[in-house]
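Asks: Following this message is one structure expressed as structure tokens.
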Amino acid sequence: MLLFLFFSFSGIVFAQGYEIGDKAADFNLLNVDGTYVSMADYPDAKGFIVIFTCNHCPYSVAYEGRKIALAKQFAPQGYPVIAINPNDSTIVPLDSYSNMIKRADEKSFPYPYLLDADQSVFQRYGATRTPHVFLLNKEAGGLIVRYIGAIDNNYENADEATEHYVEDAIRALKDGDLPNPDFTKAIGCTIKIKKS
Amino acid sequence: MPGKTILLTIVLFNIMQLQAQDISVNVLDFESFETLLSKKNDTVYVLNFWATWCAPCVKELPDFEKLNKQYQDKNFKMILVSLDFRKMLESHLLPFIEKNRLQAEVLMLHAPDANAWIDRIDPSWSGAIPATLIYKNEFSFFREGSMSYTELNQIVKPLIH
């Protein structure tokens, strides 16, 4: 029992979480339009670009245009973007549900922007920062995690990016290949966890 | 008495302005920055990765400043490595250093291709900030997340002589 407690506390953010090849669980989270969204709502999808992101983090903001571009390019090809805000708004008020609605409205997000209200989804996925992408591919075994990491390799300037990780990963999957790289790191904001 | 106070205020204001002009921050790419990591010269290096917009980073800075003040005359070197965007140097970083009167050295790491270098700081780092690297010769400690003065001192104190 003690051992179990030890692992359940120490592993909350780092030890848990998906690795490449793991089957991803669906979720049912509140969208900015007031509806609840699950991946099961997209029976025709070939996969999903799940992005843990938020309002306040400058890295998330710097990638906003690129998230919108990904959604416009890949939703019609079967890989819609689903954005999830994992932050606790008592720590970061700018990431509250009402502020999410405001931002989605201002920027006309062409994708759902969901609130991980009990912070269970980001922990299950193993997101550690915003923005943090999990690319899922629908396969015989379910929704399989095929890429984890950054959108591209230049957070400051989209035009100066020389590697477009997510785009390349989706192209690989569409060709029946596995993404390479399938895991990248990026500087980002910590996820703000509710204080118990 | 009020006259004296005003005079003092004016003098102080002038000194602050002079100091403000002195604030400068080196902007390094990763290759230049990395030379720092291989230094094995008996100095305890405390590198804190932060940014002006990162709330938990800003919150822990006083603890780092306290540590720096305590050991700055010893075999100790603290560097606050700002990951602010390059365009925020003049608009955010320099005014922040001035306003908070940071005493530890600040440098800006301008290396947007982070995937190429995060593992070279520490393989356990996912890339979230704040993050802190402490090293001396072969000793190395890394933490992703906030650190308090007490935690820092526990690691640094035995390395100081």
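Here, each number is a calculation from the coordinates, and none is a lab measurement. A quick note: this is a predicted structure, and the numbers were derived from the prediction, not measured. Methodologically, a virtual Cβ is constructed for each residue, glycine included, from the backbone with ideal geometry; neighbour enumeration extends over all protein chains shown.
Asks: Return the Cα extents of region A:45-190 along principal axes one, two and three, sorted largest first, each rounded to a whole Å.
Replies: Largest first, region A:45-190 extends 43, 36, 26 Å along its Cα principal axes.
Asks: Once you order the gyration tensor axes a ≥ b ≥ c over the Cα atoms, which shape class does region B:96-161 get: rounded for a/c under 1.5, otherwise prolate or oblate by comparing a/b with b/c? Present the calculation step by step, with values, prior to reporting the outcome.
Replies: Values: a/c = 1.80, a/b = 1.09, b/c = 1.65.
Taking the square roots of the gyration eigenvalues as a ≥ b ≥ c, region B:96-161 is oblate.
Asks: Continuing with the same structure: Among A:Ile68, A:Ile51, A:Ile91, determine the one that fluctuates most according to a GNM of chain A built with springs between C-alpha atoms less than 10 Å apart.
Replies: A:Ile91
Asks: For a Förster distance of 35 Å, can you work out the FRET efficiency between the beta-carbons of A:Ala117 and B:Asp119, rounded to the nearest 0.05? Provide the component values of the computation, followed by the final result.
Replies: Working: r = 33 Å, r/R0 = 0.95.
With a Förster radius of 35 Å, E is 0.55.
Asks: Additional query: When B:Tyr135, B:Tyr149 are ordered from fewest to most other Cβ atoms inside 10 Å of their Cβ, what list results?
Replies: By the 10 Å Cβ count, ascending: B:Tyr149, B:Tyr135.
Asks: Can you tell me the relative contact order of chain B? Whole percent, Cα pairs under 8 Å, sequence separation 6 or more.
Replies: Relative contact order for chain B comes out at 31 percent.
Asks: Residue separation times 0.36 nm, minus the C-alpha to C-alpha distance between A:Ser38 and A:Ile68: what's the value?
Replies: Numbers: separation 30, 0.36 × 30 = 10.80 nm, distance 1.96 nm.
Extra length available between A:Ser38 and A:Ile68 comes to 8.8 nm.
Asks: Treat each spin label as a single point 7 Å out from the Cα along the C-beta direction, and report the A:Ile20 to B:Phe142 distance in nm.
Replies: Those two pseudo-labels are separated by 1.9 nm.
Asks: OK, next. Once fully extended, how much extra length lies between A:Arg124 and A:Phe183, figured as 0.36 nm per residue of separation less the alpha-carbon to alpha-carbon distance? Could you put the intermediate results ahead of the total?
Replies: Numbers: separation 59, 0.36 × 59 = 21.24 nm, distance 1.73 nm.
Gain on stretching A:Arg124 to A:Phe183: 19.5 nm.
Asks: Hey, another quick one. When only Cα pairs under 8 Å and 6 or more residues apart are kept, what is the percent relative contact order across region A:45-190?
Replies: 27 percent
Asks: Of B:Asp63, B:Asp73, how do they rank once you tally other Cβ atoms within 10 Å and put the fewest first?
Replies: Numbers: B:Asp63 18, B:Asp73 7.
Going from least to most buried by this count: B:Asp73, B:Asp63.
Asks: Okay, moving on. Output the pairs from A:Lys72/A:Lys107; A:Lys107/A:Lys138; B:Lys69/B:Lys157; B:Lys39/B:Lys157; A:Lys46/A:Lys107 with a Cα-Cα distance over 23 Å in this structure; if there are none, say none.
Replies: Violating the 23 Å Cα-Cα cut-off are A:Lys107/A:Lys138; A:Lys46/A:Lys107.
Asks: Tell me what chain B gives for mean residue ellipticity at 222 nm when only DSSP H runs of n ≥ 4 count, each as -39,500 (n - 2.57), the sum divided by the residue total, rounded to 500 deg cm²/dmol.
Replies: Working: 6 runs with 65 residues, N = 161.
About -12000 deg cm²/dmol.
Asks: Further question: If each residue's Cβ is checked for other Cβ atoms within 10 Å, how do B:Phe64, B:Phe139 rank with the fewest at the top?
Replies: If I rank by nearby Cβ atoms, fewest first, I get B:Phe139, B:Phe64.
Asks: Measure off 7 Å from each Cα along the Cα-to-Cβ vector at A:Asn28 and B:Val58, then give the distance between these two points in nanometres to one decimal.
Replies: 4.0 nm
Asks: Residue by residue through A:151-157, how many Cβ atoms from other chains fall within 10 Å of the Cβ on average?
Replies: 4
Asks: Once you put a point 7 Å from the Cα of B:Thr35 and another 7 Å from the Cα of B:His161, both along the Cβ direction, what distance in nm separates them?
Replies: 2.7 nm
Asks: Could I ask something else about it? On the principal axes of its Cα set, how long, how wide and how thick is the protein assembly as shown? Give whole Å, largest value first.
Replies: Extents along the principal axes: 76, 50, 46 Å.
Asks: So, one more: Once the Cα atoms of helix B:55-71 and of chain B are each reduced to a long axis, what angle between those two axes, in degrees from 0 to 90 to the nearest 10, is obtained?
Replies: 90 degrees
Asks: Then there is this: What order, most packed first, do the peptides A:113-124, B:30-41 have when packing is the mean number of other Cβ atoms within 10 Å of each residue?
Replies: Put in order of decreasing packing, that is A:113-124, B:30-41.
Asks: Could you give me the ³J(HN,Hα) list for region A:43-58, computed from phi with Karplus coefficients 6.51, -1.76, 1.60 and θ = phi - 60°, whole Hz, x at Gly and Pro?
Replies: So the J values, rounded to whole Hz, are x, 8, 5, 8, x, 9, 9, 8, 10, 7, 8, 7, 7, 7, 6, x.
Asks: What do you get when you divide the Cα radius of gyration of chain B by 2.2 N^0.38 Å, with N the number of residues?
Replies: Against the compact-globule rule of thumb, the ratio is 1.14.
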